[in-house]
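Notes to accompany the following structure.
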Amino acid sequence: MPSLTAEQLLRELHASLTLRKRPEDVARLIQDLYEARGTDLDAATEAALSKAAEHSLRNLWHGYTSMLEDFARPVGAQRQLARAASLFTNVPELPDAAGDDPDRIEAVIRRAGESIGRAYGQNDFGMDRLDRSERTAAGLGEVSKRQYNKRFRLLRRMEAKLARLIHEQRRREVTMTGKGALAHALPYGLFAADPETAGFIAYITARGYMRSVFTNGRQRQVYDEVAEALFQRLRAHPERTCWAAVAHVHPTPEVLAEVSDEELTQLLVRWNGFLRKVAELLEDAWNRHPLERDTMIVRRGDDSSTWNQAAQAWNAARAHWFAILSELDQEQILDRVCPGKVPRLMAADVAYWHRMSGGGLHPDTYIWAELPLPWEVLRGEKDCPRSLVEAVCVRHRVDPVAGAWTAPRPAAKAVAYRRTPELVHGIAVADPLMAGALRSAGFFSGKGKRAAAREWL
């Protein structure tokens, strides 16, 4: 019997929705959950789970993976808050959690600013500081110029830190949403309402969170035979399945048909808001360094990381938005507003690899280049009706429906399970210990290898 209770296993599965656990380890947790609940598995599900769980860290002799099992977390403002508490008498010491909360950080900046006559946003060191007479009038006559400047500079740095923290938190949310849809936002109550639903959501989310492989072909598909076996169990007991929770990550027509119109509308509003948020991130990256739209090949100065994370999130949100519109029979909205897909930036060496292997630019790149930019469409600055998208697709010999330009994505077919590889900057390495050594030495990163690590290897 597993050492954890069913409740503890559900909590661990729910926690995995914001982590980056290997699908094999999630499959093992699902096996333990079924065992803890005393559930009899059908042969197909048992075989599929066993195939994946066989390669879980608990079943491997080394029990180790070189890859981080979490998304990069922004560095909080704990150090700055501690410094503020030591310099300002009206700022109390706060718990560490406050350093990750933008609202509490802003409140501290405003409160501390009041004690030196500084308003939030007054960051010009030459224009916004108080001179001696102004400090005296503000009741700061006993505060020396040096001490006043020290406090002013700290608050200015804290505002810059707050802006960076908000940006990085948004990027983290965008990255998780691009790979796992709204799984990370599922409340525990909805997630755990049905344990079999929870197992399916946790596994397919782990599959979505897998890292990209350096290749000139298609990436590994998310929906595999293990996910299919788990989904078949939901089909077998539709009355128990929490379809609203499944719709957060797997918006097929079959799933959405089981969700109430009210819940679908709530999801639609949520995805609509997220599209606008991602469009702002895309626009910001574009304004800092406009891309080569005709090729989408990375050039010096391009922020490819931010763009690719936002592009993946945009396409995922757009796919959910289209699917829900279709289920609600509101596709006429696309006759007026039909924003296009956003391609990722491609490294020059990968583009060369494509050409050498007889390929070329993906047809979607040509379509994207002719359509209005997404943020311009959402703001109503440029029109992008379905008729325009269809015309551009036809011009480039792409089926707008099959290509998901004017319709939801086709339902995915299950692919064979394949073991999750150890990756070093996208390159598969068989042994996780060697992968760790190669990563620390800088191999495959495009940067110079550290001498000590190179000598060790």
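The values are calculated or read from the model by the stated rules, or taken from the named source; none is laboratory data. Values in this document were obtained by computation on a predicted structure and should not be read as measured data. With ideal geometry, Cβ positions are generated from the backbone for all residues, glycine too; neighbour counts draw on all protein chains shown.
Per-residue answers, yes or no, for (1) within 22 Å of Leu186 (Cβ to Cβ); (2) in a loop (DSSP other than H, G, I, E, B):
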position	(1), (2)
Asp32	yes, no
Ala36	yes, no
Ser66	no, yes
Arg73	yes, yes
Thr89	no, yes
Pro92	no, yes
Gly99	no, no
Failed condition for Ala85, given (1) more than 29 Å from the chain's Cα centre (by Cα); (2) under 30 Å from Ala138 (Cβ atoms); (3) in contact (Cβ under 8 Å) with a residue 24 or more places away in the chain; (4) surrounded by 13 or more Cβ atoms within 10 Å (Cβ to Cβ), with all others met? (3)
When the residues of the range 247-266 are filtered to those that are touching a residue at least 60 places away in the same chain (Cβ under 8 Å) and part of a helix (DSSP H, G or I), which remaining residue is farthest from Lys179 (Cα to Cα)? Asp261
Just a yes or no: is a residue in the range 378-389 loosely packed, with under 15 Cβ neighbours inside 10 Å, closer than 23 Å to Ile204 by Cα and not charged (D, E, K, R)? no
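I'd like to verify a number: residues in the range 59-82 that are at negative phi and touching a helix residue (DSSP H, G or I) at 6+ places or on another chain (Cβ under 6 Å), how many? If you could, list the steps in order and put the result at the bottom.
Start the filter on the range 59-82 by keeping residues that are at negative phi, which leaves 59-62, 64-82.
When the remaining residues are screened for being touching a helix residue (DSSP H, G or I) at 6+ places or on another chain (Cβ under 6 Å), the result is 64-66, 71, 74, 76-78, 80-81.
Final tally of qualifying residues: 10.
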Would you confirm, using the coordinates I've provided, whether Thr295 is surrounded by fewer than 21 Cβ atoms within 10 Å (Cβ to Cβ), closer than 22 Å to Leu182 by Cβ and of a type in the set (Val, Ile, Thr)? no
Those residues of the range 424-445 which are buried (at least 16 other Cβ atoms within 10 Å of the Cβ) and part of a helix (DSSP H, G or I), in sequence order: Pro432, Ala435, Gly436, Ala437, Leu438, Arg439, Ser440, Ala441
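Given the structure, is Arg218 outside the structural domain of Ala119 (by TED's automatic domain parsing) and not in a helix (DSSP H, G or I)?
Values: outside the structural domain of Ala119 (by TED's automatic domain parsing): yes; not in a helix (DSSP H, G or I): yes.
For Arg218, the condition - outside the structural domain of Ala119 (by TED's automatic domain parsing) and not in a helix (DSSP H, G or I) - is met.
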Scan the range 17-44 residue by residue and report those that are out of contact with any Ser or Thr (no Cβ under 7 Å at 6 or more places or on another chain) and either on the phi > 0 side of the Ramachandran plot or surrounded by 23 or more Cβ atoms within 10 Å (Cβ to Cβ) (or both). Lys21, Leu29, Ile30, Leu33, Gly38
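What residue, among those in the range 405-418 that are under 23 Å from Gln330 (Cβ atoms) and surrounded by fewer than 18 Cβ atoms within 10 Å (Cβ to Cβ), is modelled with the lowest pLDDT? Break it down stepwise before answering.
Step one: of the range 405-418, the residues under 23 Å from Gln330 (Cβ atoms) are 405-411.
Imposing the further condition that a residue be surrounded by fewer than 18 Cβ atoms within 10 Å (Cβ to Cβ) reduces the set to 409-411.
Numbers: Arg409: 91, Pro410: 90, Ala411: 87.
Selected residue: Ala411.
Quick check, is Ala181 of a type outside the set (D, E, K, R), surrounded by 23 or more Cβ atoms within 10 Å (Cβ to Cβ) and closer than 16 Å to Ala6 by Cα? Explain how you work it out, then say what you get.
Numbers: of a type outside the set (D, E, K, R): yes; surrounded by 23 or more Cβ atoms within 10 Å (Cβ to Cβ): yes; closer than 16 Å to Ala6 by Cα: no.
Taking the combined requirement at face value, the residue does not satisfy it.
Within the range 268-289, is even one residue under 26 Å from Gly359 (Cα atoms) and surrounded by fewer than 22 Cβ atoms within 10 Å (Cβ to Cβ)?
We begin by selecting, within the range 268-289, every residue under 26 Å from Gly359 (Cα atoms); these are none.
The answer is no; no qualifying residue exists.
Yes or no, residue by residue, for (1) touching a helix residue (DSSP H, G or I) at 6+ places or on another chain (Cβ under 9 Å); (2) under 17 Å from Gly208 (Cα atoms); (3) among the hydroxyl-bearing types (Ser, Thr, Tyr):
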site	(1), (2), (3)
Gln8	yes, no, no
Leu17	yes, yes, no
Arg20	yes, yes, no
Arg37	yes, no, no
Leu41	yes, no, no
Thr45	yes, no, yes
Based on what the data block shows, is Gly121 under 32 Å from the mean Cα position of the chain (by Cα), assigned by TED's automatic domain parsing to the domain that holds Phe88 and in a loop (DSSP other than H, G, I, E, B)? yes
So, first residue without any contact (Cβ under 8 Å) to a residue 12 or more places away in the chain in the range 361-374, second residue crowded, with 20+ Cβ neighbours inside 10 Å and part of a helix (DSSP H, G or I), Cβ within less than 6 Å, six or more apart or across chains; the pairs are none
What pairs can you find where one residue is in the range 115-133 and surrounded by fewer than 15 Cβ atoms within 10 Å (Cβ to Cβ), the other is assigned to a loop (DSSP other than H, G, I, E, B) and of a type outside the set (Lys, Arg), and their Cβ atoms are less than 7 Å apart, with a gap of 6+ or different chains? Asp128/Gln122
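Pick from Asp100, Asp40: which is outside the structural domain of Leu154 (by TED's automatic domain parsing) and of a type in the set (D, E, K, R)?
Working: Asp100 fails: outside the structural domain of Leu154 (by TED's automatic domain parsing).
On inspection, the qualifying residue turns out to be Asp40.
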Write out, first by first residue and then by second, each pair whose Cβ atoms fall under 6 Å of each other, whose residues are 6+ apart or on separate chains, and whose first residue, in the range 8-19, is assigned to a helix (DSSP H, G or I) while the second is surrounded by fewer than 18 Cβ atoms within 10 Å (Cβ to Cβ). His14/Tyr188
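Just to be sure, is Ala160 part of a loop (DSSP other than H, G, I, E, B), exposed (fewer than 13 other Cβ atoms within 10 Å of the Cβ) and more than 17 Å from the chain's Cα centre (by Cα)? I'd like the intermediate steps shown before the answer.
Details: part of a loop (DSSP other than H, G, I, E, B): no; exposed (fewer than 13 other Cβ atoms within 10 Å of the Cβ): yes; more than 17 Å from the chain's Cα centre (by Cα): yes.
So Ala160 does not fit the description; no.
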With the structure loaded, tell me whether Arg276 is among the charged types (D, E, K, R) and assigned to a helix (DSSP H, G or I) or whether it fails that test. yes
